[in-house]
Amino acid sequence: MRAAVVTKGEFQVQDLPTPVPGKGQVLIDVTRCGICGSDLHARVHCDELADLAAATGYGHFMRSEQSVVLGHEFSGEIVEYGPGCRKRWKPGTPVVALPILRHGRDPHLTGLSTAAPGGYAEQVVVQESMTFPIPNGLSVEHAALTEPMAVAWHAVRKGRIGKGRTAFVIGCGPIGLAVISMLKAAGVRTVVASDPSPRRRELATRCGADVVVDPGSESPWDAAPRKSRITGATDILNLGFDAMERLRRIPNLPWWLLFRAAHTLNQGPNAPVIFECVGVPGILDQILTAAPPMSRVVVVGVCMQPDTIHPATAINKEIELRFVLGYDPGEFRDTLHMLADGKVDPTPLITGTVGLDGIDAAFAALASPERHAKILIDPRSSTTVP
């Protein structure tokens, strides 16, 4: 098969042996594979990423001197099964799969490990237990976005945002756009998106953002149609006074039980949920400084450099920080069906398609935010310019 192999940051299209599925594994023909931001990082910073992964308990991340086939956002068709499979689907069945293989008890991230070559190739091996048939005639292009959209769905779920709360999305790159799409699919009525790029702001609008701002000229916090009633510590303290004055007017009311019920139900002021989708040093501290008190901040952007925040700022405003990564198999499956049922439309994210010989040009194009968001690879296409 043909595959794009990266070694020391350089791509080369090579003819490789046809992959052989192991026990419980399936060989699929790749129909489309997306280029992810983590692929851009892994191409040139994989040693740093590998050190970080090893420090958190995963020791199989690719190294720069190794030759690796990248690609973990793919759709495909069943070709053949390895031993020990239940053979659930006929050859030719369109499928997607979680990008992870297991050799014995060792998991390997597909496209980011030498033991699990990825989807920048004509074929890829997947785990049968982690494979799902594509329903409702969903296009191979949209099916290939199941993986990044599942990342966004996981972030939205972890944000625990109700439909009536305001969501802020800071950064409208591919993951920010996916978060906007999933917030609207979840029924969130007000989504404010912020990005300095005119192109990305346009895509944010197409993904469903209700308000889109250029942070260089307008504060996203001021642009929200529904302003937070709590803007500082004084408001928090007055909230307690106002509540107690009202409750004390009712004779013999065991008012403390109401507080306990609110604590049990995790209810409080209707503060916003903020999704940080930039991942550069300084942005998190900017958010903590400017965000309304009692906000929940969901950190989706991956910052690879050391960063500095002022914890006392977050403490005084009682801001909640949540860090998210990936998704689980249930979220992946649900995302696939949301796409297939038309509950979320990823069309605005797809801005180009290339063949294997166009990967270098695609990576170069993705360095600029003014043109592309998500470029797909069609392994059998001759297109070299996205």
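The values are calculated or read from the model by the stated rules, or taken from the named source; none is laboratory data. A quick note: this is a predicted structure, and the numbers were derived from the prediction, not measured. For neighbour counting, all protein chains shown are included, and Cβ atoms are generated from backbone atoms with ideal geometry for every residue, glycine included. Heads up: the accessible areas ignore ligands, DNA and RNA and are worked out on the full protein's heavy atoms, side chains in. Shrake-Rupley method; radii C 1.70, N 1.55, O 1.52, S 1.80 Å.
If you take just the strands (runs of 3 or more DSSP E) that sit entirely in the stretch 120-178, which of them hold at least 1 residues that are touching a Phe, Trp or Tyr at 6+ places or on another chain (Cβ under 7 Å) and farther than 19 Å from ARG200 by Cα?
Details: elements: 123-127, 131-133, 166-170.
Strands (runs of 3 or more DSSP E) meeting the threshold: 123-127, 131-133.
Condition first: in contact with a strand residue (DSSP E or B) (Cβ under 7 Å, 6 or more places away or on another chain) and assigned to a loop (DSSP other than H, G, I, E, B). Now tell me which residues in the stretch 99-110 satisfy that.
PRO99, THR110
Give just the number: which of (1) closer than 25 Å to MET182 by Cα; (2) in contact with a helix residue (DSSP H, G or I) (Cβ under 7 Å, 6 or more places away or on another chain); (3) open to solvent by less than 90 Å² (accessible area, probe 1.4 Å) does GLU218 not satisfy?
So GLU218 meets the others, but not (2).
Among the residues of the stretch 370-383, which ones are of a type in the set (Val, Ile, Thr) and either surrounded by fewer than 18 Cβ atoms within 10 Å (Cβ to Cβ) or within 19 Å of ASP195 (Cα to Cα) (or both)? Give the steps one after another, and end with the answer.
Of the stretch 370-383, the ones of a type in the set (Val, Ile, Thr) are 375, 377, 383.
Residue satisfying the conditions is THR383 alone.
Taking into account only those residues within the stretch 345-369 that are assigned to a helix (DSSP H, G or I) and in contact with a Leu (Cβ under 7 Å, 6 or more places away or on another chain), which is surrounded by the most Cβ atoms within 10 Å (Cβ to Cβ)? Talk me through it step by step, then tell me what you get.
Quick first cut of the stretch 345-369, residues assigned to a helix (DSSP H, G or I) only: 347-349, 356-365.
Next, only the ones that are in contact with a Leu (Cβ under 7 Å, 6 or more places away or on another chain) stay: 348-349, 363.
Numbers: PRO348: 18, LEU349: 24, PHE363: 20.
Filtering first and then ranking leaves LEU349.
Just the residues that are within 16 Å of VAL156 (Cα to Cα) and assigned to a loop (DSSP other than H, G, I, E, B), please, taken from the stretch 313-344.
Correct list: VAL324, LEU325, GLY326, TYR327, ASP328, LYS343, VAL344.
Can you pull out the residues in the stretch 31-61 that are hydroxyl-bearing (Ser, Thr, Tyr) and part of a loop (DSSP other than H, G, I, E, B)? Let's see the steps before the verdict.
Taking the stretch 31-61 and keeping what is hydroxyl-bearing (Ser, Thr, Tyr), we get 31, 38, 56, 58.
Across the stretch 31-61, the qualifying residues are THR56, TYR58.
Residue check: is GLY76 at pLDDT 95 or above and in a strand (DSSP E or B)?
Working: at pLDDT 95 or above: yes; in a strand (DSSP E or B): yes.
Judged against the criteria, GLY76 is a match.
Show me the helices (runs of 4 or more DSSP H) entirely contained within the stretch 231-312 in which 1 or more residues are open to solvent by 70 Å² or more (accessible area, probe 1.4 Å), closer than 29 Å to LEU325 by Cβ and touching a residue at least 24 places away in the same chain (Cβ under 8 Å).
Working: elements: 233-248, 255-264, 283-290.
Helices (runs of 4 or more DSSP H) meeting the threshold: 283-290.
Return yes or no: is THR110 among the β-branched types (Val, Ile, Thr) and under 19 Å from ARG32 (Cβ atoms)?
Details: among the β-branched types (Val, Ile, Thr): yes; under 19 Å from ARG32 (Cβ atoms): yes.
Spelling it out, THR110 is indeed among the β-branched types (Val, Ile, Thr) and under 19 Å from ARG32 (Cβ atoms).
Can you pull out the residues in the stretch 6-30 that are open to solvent by 20 Å² or more (accessible area, probe 1.4 Å), within 25 Å of PHE132 (Cα to Cα) and part of a strand (DSSP E or B)?
Going residue by residue through the stretch 6-30, those that are open to solvent by 20 Å² or more (accessible area, probe 1.4 Å) are 7-8, 10-20, 22-23, 29.
Among the residues that remain, those that are also within 25 Å of PHE132 (Cα to Cα) are: 18-20, 22-23, 29.
Listed by number, the list holds a single entry, ASP29.
Just a yes or no: is a residue in the stretch 199-210 among the charged types (D, E, K, R), closer than 30 Å to GLY268 by Cα and either modelled with pLDDT under 95 or touching a Gly at 6+ places or on another chain (Cβ under 6 Å) (or both)? Working first, answer last.
In the first step, residues of the stretch 199-210 are kept if they are among the charged types (D, E, K, R); the result is 199-202, 206, 210.
From what is left, the residues that are closer than 30 Å to GLY268 by Cα are 210.
Of the ones still in play, those that are also either modelled with pLDDT under 95 or touching a Gly at 6+ places or on another chain (Cβ under 6 Å) (or both) are none.
Scanning the stretch 199-210 turns up no residue that is among the charged types (D, E, K, R), closer than 30 Å to GLY268 by Cα and either modelled with pLDDT under 95 or touching a Gly at 6+ places or on another chain (Cβ under 6 Å) (or both).
Would you check which residues across the stretch 313-324 are open to solvent by 50 Å² or more (accessible area, probe 1.4 Å) and in contact (Cβ under 8 Å) with a residue 12 or more places away in the chain and list them?
First, the residues of the stretch 313-324 that are open to solvent by 50 Å² or more (accessible area, probe 1.4 Å): 315-316, 318, 320-323.
The answer is ASN316, GLU318, GLU320, LEU321, ARG322, PHE323.
Would you mind finding the one in GLU331, GLU318 that is of a type in the set (D, E, K, R) and within 23 Å of MET182 (Cβ to Cβ)? I'd like the intermediate steps shown before the answer.
Working: GLU318 fails: within 23 Å of MET182 (Cβ to Cβ).
None of the other options fit; the residue is GLU331.
If ARG165 passes every condition in (1) at pLDDT 95 or above; (2) within 16 Å of LYS184 (Cβ to Cβ); (3) surrounded by fewer than 24 Cβ atoms within 10 Å (Cβ to Cβ); (4) in contact with a Pro (Cβ under 8 Å, 6 or more places away or on another chain) but one, which one does it miss?
(1)
Taking the options PHE61, PHE132, name whichever one is farther than 29 Å from CYS303 by Cα and in contact with a helix residue (DSSP H, G or I) (Cβ under 7 Å, 6 or more places away or on another chain).
Within the list PHE61, PHE132, the selection yields PHE132.
If ARG296 meets every condition in (1) on the phi > 0 side of the Ramachandran plot; (2) at pLDDT 95 or above apart from one, which number is that one?
Answer for ARG296: the failing condition is (1).
Taking the options ALA3, ALA42, ALA50, name whichever one is touching an Asp or Glu at 6+ places or on another chain (Cβ under 8 Å) and either open to solvent by less than 10 Å² (accessible area, probe 1.4 Å) or closer than 30 Å to ARG86 by Cα (or both). Let's see the steps before the verdict.
Numbers: ALA42 fails: touching an Asp or Glu at 6+ places or on another chain (Cβ under 8 Å); ALA50 fails: touching an Asp or Glu at 6+ places or on another chain (Cβ under 8 Å).
It is ALA3.
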